[in-house]
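Reviewing the structure listed below.
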There are 2 protein chains.
Amino acid sequence: MNKKRIGFIGTGLMGEPMALNLLAAGYDLQAWNRSPEKLDRIVAEGGVVCETPAAAATGVDVLICMLSDGPTCDAVLFGSGGENAVDALTPGATLIVMSSIPVETAIEQARRCEVRNVAYLDAPVSGGQKGAMDASLAIMVGGASEAFDQSQDVLSALGRPVHVGPAGTGQQTKLANQMIVASTIATVAEALLFAERGGADPAKVRDALAGGFADSPILRQHGQRMLEENYEPGGAAKYQLKDTRTALERAEALGLELPVARTADALFAAMVEHGDGDLDHSGLMRELRRLNTQS
Amino acid sequence: MNKKRIGFIGTGLMGEPMALNLLAAGYDLQAWNRSPEKLDRIVAEGGVVCETPAAAATGVDVLICMLSDGPTCDAVLFGSGGENAVDALTPGATLIVMSSIPVETAIEQARRCEVRNVAYLDAPVSGGQKGAMDASLAIMVGGASEAFDQSQDVLSALGRPVHVGPAGTGQQTKLANQMIVASTIATVAEALLFAERGGADPAKVRDALAGGFADSPILRQHGQRMLEENYEPGGAAKYQLKDTRTALERAEALGLELPVARTADALFAAMVEHGDGDLDHSGLMRELRRLNTQS
């Protein structure tokens, strides 16, 4: 069985370890990145450097995009001027956008691919750089079932792909993920502060709650950061706010009122406004203390 | 080494399996319950039936109380009329109240024990009837360190005790636990409804999020109940509301504003008001659908 040829666009913090995992899984891989020095390790592991996005797309079975945001993806994949990546794809190839982009952008990209006879999947990830390195990413995939079935081998080399519905629903699911993360960080901060103000040792409280119904990776990892007041990001609060804001806009477009997500969003907005946007999102504890300054 | 003699008051849904675990661990146990037929299994396993709370307290090293609420505990443990349990304790014995009661009640009980030269621990639990049967309860313990150290063997026969601080802080920690549970149920319901309205398959979404940062026992167990619309309690919503209400009153007494807990409380209040208080707390999904009825 012939291994597929993969084009990879965007080899930054997340993209580089993902591309390396595809090479380790035996795929032929050709890659483009705006800063070419971020391709050095990929070349060392057998990848091919491309000078343009179009070159990275030429002759591949699957093109993966891991650029930073929706406008950048749109410009590189679909931009005018004859050098965009998608126009260089062979009809029948598959484009997988693994960046976190707006739902509406994903749906529009799928439509533009369809008219070019290119299959499209939106497949954003959760798990951070560690998940990218360990090939343990949670991969939330929207798009046609056939495209998912045909790409499952490639995605499985990067983590655990789950097909959740048609194009756009991968991004919708990523927003759902971010809503839960933001709200859980907020409730864990509230609970630890509440326990502390009541005279309990918050480190013991975290320990006591772990293993019960209040347990979560957020309680364990972000709760620990709150106890240590170690707010090196991790996931910066300003990006958490961008995600909750995008989720609430999408909810509004769907006519949905989500009170807890709105409350968490307001807390992150206050945190960023008070100058803590570059701290880890667990630094929301600082905002909660600010709100509850003892007078 | 002589095993301790234990008195046990309140052998209902939780208390009965806890008393049986103490017998299985080799302790001598004497028990009282308002409805004596709930003592049958305890007698069958070697426990002694007592006719009054005072009789259950007589001659024991440790008296455990697992009655349903604060006023009931107060009446049986400290009531006037010469038949209360605490007055029958030998000075130097330890009273462990494992019921969920108000923080202020626990602090007052500790004070009343101190003047009688009885050690006091408040040690509410999380984990439900299954945790009680499996001896896997999360046990949140407030009280003096020496009393905790001396009772750790007994508590360890029931689950995983963690000493979180002075008297009352066990109850404070239990409220923190309930705040996280209530808020996490709410955010999981919001996220699943958001994904569904955006066209994703919510069962696949739950599957995709499990194992990432949005994962939790609530996502797995209560999320599954939401998907199946199976709202047999489990933990009834009206008790969840009682807990969030108690937590918010305690927060107010401490001068604390907790926006996410307040939002979750308002959702549970609306759920109970709309007649769903006897459903499992995961039935909050019904309230969220009600709030977002598609017109």
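The values are calculated or read from the model by the stated rules, or taken from the named source; none is laboratory data. Computed from a predicted structure; not experimentally measured. When we count neighbours, we look across all protein chains shown, and the Cβ atoms used for this are built from the backbone with ideal geometry, even at glycine. Side chains included, ligands, DNA and RNA excluded: accessible areas come from the protein's heavy atoms. Shrake-Rupley method; radii C 1.70, N 1.55, O 1.52, S 1.80 Å.
Residue selection: B:VAL164 satisfies the criterion of being facing another protein chain (nearest Cβ under 9 Å) and either among the hydroxyl-bearing types (Ser, Thr, Tyr) or touching a Lys or Arg at 6+ places or on another chain (Cβ under 9 Å) (or both).
Checked against (1) farther than 17 Å from B:THR173 by Cα; (2) touching a helix residue (DSSP H, G or I) at 6+ places or on another chain (Cβ under 7 Å), B:SER136 passes all but a single condition, namely (2). Just so you know, in region B:20-48 the residues that are touching a strand residue (DSSP E or B) at 6+ places or on another chain (Cβ under 8 Å) and closer than 16 Å to B:VAL76 by Cβ include one that is surrounded by the most Cβ atoms within 10 Å (Cβ to Cβ), and it is B:ALA31. Annotation: of all residues in region B:229-274 being touching a helix residue (DSSP H, G or I) at 6+ places or on another chain (Cβ under 7 Å) and of a type in the set (D, E, K, R), the one that is least open to solvent (accessible area, probe 1.4 Å) is B:ASP265.
Of the residues that sit in region B:194-215 and are in a helix (DSSP H, G or I) and within 7 Å of chain A (Cβ to nearest Cβ), which one is farthest from A:ARG220 (Cα to Cα)?
Among those residues, the one meeting the criterion is B:ARG197.
Quickly run through region B:69-128 and pick out the residues that are open to solvent by 40 Å² or more (accessible area, probe 1.4 Å) and either acidic (Asp, Glu) or outside the structural domain of B:GLY143 (by TED's automatic domain parsing) (or both). Those that are open to solvent by 40 Å² or more (accessible area, probe 1.4 Å) and either acidic (Asp, Glu) or outside the structural domain of B:GLY143 (by TED's automatic domain parsing) (or both): B:ASP69, B:ASP74, B:GLU83, B:ASP87, B:GLU104, B:GLU108, B:GLU114. For A:GLN224, the conditions (1) open to solvent by 10 Å² or more (accessible area, probe 1.4 Å); (2) at the interface with another protein chain (Cβ under 7 Å from one of its Cβ atoms) are fulfilled apart from (2).
Within region A:125-152, the set of residues being without any contact (Cβ under 8 Å) to a residue 60 or more places away in the chain and either part of a helix (DSSP H, G or I) or β-branched (Val, Ile, Thr) (or both) comprises A:LYS130, A:GLY131, A:ASP134, A:ILE139, A:VAL141, A:SER145, A:GLU146, A:ALA147, A:PHE148, A:ASP149, A:GLN150, A:GLN152.
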